[in-house]
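The values are calculated or read from the model by the stated rules, or taken from the named source; none is laboratory data. A quick note: this is a predicted structure, and the numbers were derived from the prediction, not measured. As a convention, Cβ positions derive from the backbone with ideal geometry for all residues, glycine included, and neighbour counts pool all protein chains shown.
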Amino acid sequence: GAVVSQHPSRVICKSGTSVKIECRSLDFQATTMFWYRQFPKKSLMLMATSNEGSKATYEQGVEKDKFLINHASLTLSTLTVTSAHPEDSSFYICSANTHLTSGRYLYFGPGTRLTVT
Amino acid sequence: SQQGEEDPQALSIQEGENATMNCSYKTSINNLQWYRQNSGRGLVHLILIRSNEREKHSGRLRVTLDTSKKSSSLLITASRAADTASYFCATEEAGGTSYGKLTFGQGTILTVHP
């Protein structure tokens, strides 16, 4: 079946540095990818919608200059947390959708746990 | 605003009992989905129910949808210790421009004691 991968699965970085998280669709082309963040014991909150070849659409309250999203190909979207601070520590999850002749499908990645020290 | 509120927030039961979780939402939807998440892990898709459906079954799972009340329920029958996890409902808003853009509920933490 279709798989969405994320890399890295865990990352620890120092405050002030930038971290890049990759989301890949492994055996299908994803026209749209979504980025969510999840605080401990909380729900998932949509951060942005990433469309291949165009600028991401950010949800209200999400700083686009802090969370840079690039969707350069139909199989890869990246989220870069710039100048990370401890409050950015969270679980980041991507999802990818595709439209096949059999229907539309949505797949979630396994998540990336970011810890900023 | 966050829609998809779930109750209870936490549910503790014994193995073999049934577990019922409820979800409410605020906007018109295309579909409502239920996901499971083990602690610190990714999401597992359980079931999707479309807005024109009222009930759906999958194995030990039964989902209902009442669009007039904007609510859904997830029933897990004959629960097992392995069912221990967080359960989230998620809605895809009707008329949305992005298929797959989901709004998640707050989740129910289910603990099944052996």
Q. What number of residues within the range B:99-109 are surrounded by fewer than 22 Cβ atoms within 10 Å (Cβ to Cβ) and more than 7 Å from chain A (Cβ to nearest Cβ)?
A. 1
(Q) Against the conditions (1) at pLDDT below 95; (2) over 19 Å from B:GLU5 (Cβ atoms); (3) not aliphatic (A, V, I, L, M), where does B:LYS101 fall short? Just the number, please. (A) (2)
Q. Taking B:THR27, is it touching a residue at least 60 places away in the same chain (Cβ under 8 Å), among the polar types (S, T, N, Q) and over 30 Å from A:LEU114 (Cα atoms)?
A. yes
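Please go through the range A:7-40 and give me each residue that is small (Gly, Ala, Ser) and over 24 Å from A:GLY53 (Cβ atoms), ordered by number.
Result: A:SER9, A:SER15, A:GLY16.
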(Q) Test of understanding: among A:GLN29, A:GLN6, which residue is over 17 Å from A:THR117 (Cα atoms), in contact (Cβ under 8 Å) with a residue 60 or more places away in the chain and more than 10 Å from the chain's Cα centre (by Cα)? (A) A:GLN29
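Would you check which residues across the range A:32-84 are in a loop (DSSP other than H, G, I, E, B), surrounded by 20 or more Cβ atoms within 10 Å (Cβ to Cβ) and either modelled with pLDDT under 95 or of a type outside the set (A, V, I, L, M) (or both) and list them? Give the steps one after another, and end with the answer.
Step one: filter the range A:32-84 for residues in a loop (DSSP other than H, G, I, E, B), giving A:39-43, A:52-56, A:59-66, A:74-75, A:82-84.
Filter once more, keeping what is surrounded by 20 or more Cβ atoms within 10 Å (Cβ to Cβ): A:43, A:56, A:84.
Across the range A:32-84, the qualifying residues are A:SER43, A:ALA56.
Being surrounded by fewer than 23 Cβ atoms within 10 Å (Cβ to Cβ), within 11 Å of another protein chain (Cβ to nearest Cβ) and without any contact (Cβ under 8 Å) to a residue 60 or more places away in the chain is the requirement here; does B:LYS70 meet it?
On the way: surrounded by fewer than 23 Cβ atoms within 10 Å (Cβ to Cβ): yes; within 11 Å of another protein chain (Cβ to nearest Cβ): no; without any contact (Cβ under 8 Å) to a residue 60 or more places away in the chain: yes.
Here the answer is no, as B:LYS70 does not meet what is asked.
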**Q.** The listed residue being buried (at least 17 other Cβ atoms within 10 Å of the Cβ), within 14 Å of chain B (Cβ to nearest Cβ), of a type in the set (S, T, N, Q) and within 10 Å of the chain's Cα centre (by Cα), out of A:SER90, A:SER95
**A.** A:SER95
Q | Among the residues listed as B:ASN31, B:ASN18, B:ASN38, the single one being touching a strand residue (DSSP E or B) at 6+ places or on another chain (Cβ under 8 Å) and modelled with pLDDT of 95 or more | A | B:ASN18
Q) Among (1) surrounded by fewer than 17 Cβ atoms within 10 Å (Cβ to Cβ); (2) out of contact with any Lys or Arg (no Cβ under 7 Å at 6 or more places or on another chain); (3) within 14 Å of chain A (Cβ to nearest Cβ), where does B:VAL44 come up short? A) (2)
Q.
Could you go through the range B:85-106 and let me know if any residue there is under 12 Å from the mean Cα position of the chain (by Cα), part of a loop (DSSP other than H, G, I, E, B) and not charged (D, E, K, R).
A. yes
